[in-house]
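Just so it is clear, none of the values below were taken in a lab; they were calculated from the coordinates. Nothing here was measured: the structure is a model prediction, and the numbers come from that model. Don't worry about glycine lacking a Cβ; one is built from the backbone with ideal geometry, like all the others, and counts go over all protein chains shown.
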Amino acid sequence: MSTTRLLVGPFNRVEGDLEVRLDVADGRVHAAHVNATMYRGFEQMLQGKDPHDALVYVPRICGICSVSQSVAAAYALRDAAGLTPEGMPANGRHALNLMLATENLADHLTHFYLFFMPDFTRPVYADRPWFAEAHARFAPLQGHHARQATAARQRWFTILGTLGGKWPHTQSVLPGGSARAIDLAERLRLLGKVREFRAFLEQTLFAAPLEAIASLDSEAALMAWWQQAAPDHGDLRLFLTIASDLALGDLGRGDGPCLSYGAYVQPDGQPAMRGGVWDAAQGLSLPVELAQITEDATHAWLDGDRPLHPHDGQTLPDADKPAAYTWNKAPRLAGRVAETGAVARQLNDGHPLIRDAVARTGTNVFTRVLARLLELARVVPLMEDWLRAVRPGEPWHQPTPLPDTARATGLTEAARGALGHWLRIEHGRIANYQIVAPTSWNFSPRDADGTPGPLEQALVGVPVQPGETTPVAVQHVVRSFDPCMVCTVH
């Protein structure tokens, strides 16, 4: 068997620097190594700072996940202060949920219209029956639905202008709630913006009410819905048409556990979307044991040769380290590789459509994208509920004085999956701060045992056509995970 090596990257239309080394044999990927190609050092910047300074620094890790980073930092500080989610004013809880959901749903929209679907307008698909319609809707800078989605996204983000003053790097997120109160007139304007977004989704993306999409409870129900209209009636149907034609459900498969911390804290302190570790073999969602999370730097250009819990972790550059090929560590859960993202959220929250689809084919390109679209249908109604529950004139924030010594954790969900901040305070200053981002999990390198990370595993067996130097199927798999490399390397 002769092996050819391809070096693919940087990838266009996705965020940050990413490089994938592929060993190709007999027209398929035989092995993959994923490289996060830069180092940044936010964890070093935070050393010795006042703990509240984290709220100023960490949003700047990323321009597209900045609210998620802010919320994780705020939750870590809240944990250090000993304040429970139930102890926050209800308005503050709703405000943080609204800001986080606005960013996450904008990510889902951007991913579908600007990152993922344009790949199906490439010349390699010119002979497919759906190509002309896909090209008309999704071609980069030209597709009329992509342009409509971009405009809808711009209007959608004005919600963060009201709730947080600006985006990215919103500064109203605090451990005890939100620094920005809204009045009754602003609440009504925000409801109008959410309903405008709902109208775009129902008319263009789904061609159906959000509740009809959210209530689909099996693959059979999804297929029956698909067949009720023309195969390009709404962008979801066109995606299903393409996915069926190209067998996207067989591409980029993952069979490992799926991790979610849970999203959007409710008045009882529980998340609106439950977290857990989805074990495909048992068909169960198990509790997340935080003590079982470690990071392994064996193949990273970082100091360290044994797995460490994030509370004890370190992020120290070692650019000459032998056998290293990335700046990303390898997070593991009880020593196992874990995938995270919208598909993990929906599995652990128990949505029947995603559980049914994953039971048949595992996580893959199709189920990862389907789960993101499903979240758009599920979360917009939640946002309408949170806005209706806001009480102008009542408190938005609970002050949170910090102790001189603390070990604390902040967990949330970015659009791409589970985001955790681990904080240690000594003598009133940050003694250690470690971040484990969703792309750290999904794009992790091999660990000390040589076990590849989720993307490295998912790329094995992916077809490579003769003459391809940037295989289109590889790009589908990479984009289904939607990398956020600056968060990964902090």
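How big is the Rg/Rh ratio for the chain, C-alpha atoms only, Rh by Kirkwood, two decimals? Mind dumping the intermediate values first?
Values: Rg = 21.8 Å, Rh = 22.8 Å.
Using only Cα positions, Rg/Rh for the chain is 0.95.
Can you grab the distance from the C-alpha centre of region 245-278 to the C-alpha centre of region 91-164, Å, no decimals?
21 Å
Run lengths n ≥ 4 of DSSP H only: what is the helix-derived mean residue ellipticity at 222 nm for the chain, with -39500 (n - 2.57) per run over all residues, to the nearest 500? Let's see the in-between values first.
On the way: 18 runs with 184 residues, N = 490.
Helices in the chain give a 222 nm mean residue ellipticity of -11000 deg cm²/dmol.
If I take every Cα pair under 8 Å that is 6 or more residues apart in region 4-488, average their sequence separation and divide by the length, what percent do I get for the relative contact order?
Numbers: 1011 pairs, mean separation 119.5, N = 485.
Relative CO of region 4-488 lands at 25 percent.
Would you be so kind as to identify which of A101, G335, H299 lies farthest towards the positive end of the dipole of the chain, taking Lys and Arg as +1 and Asp and Glu as -1 on Cβ and the Cα centre as origin?
It is A101.
Using alpha carbon centroids, what distance separates region 415-432 and region 1-68, in Å?
Their Cα centres are 20 Å away from one another.
For the ranges 228-241, 476-489, what's the packing order if you count other beta-carbon atoms within 10 Å of each residue, average per peptide, and put the highest first? Please report the intermediate quantities before stating the final value.
On the way: 228-241: 18.9, 476-489: 25.7.
Final packing ranking: 476-489, 228-241.
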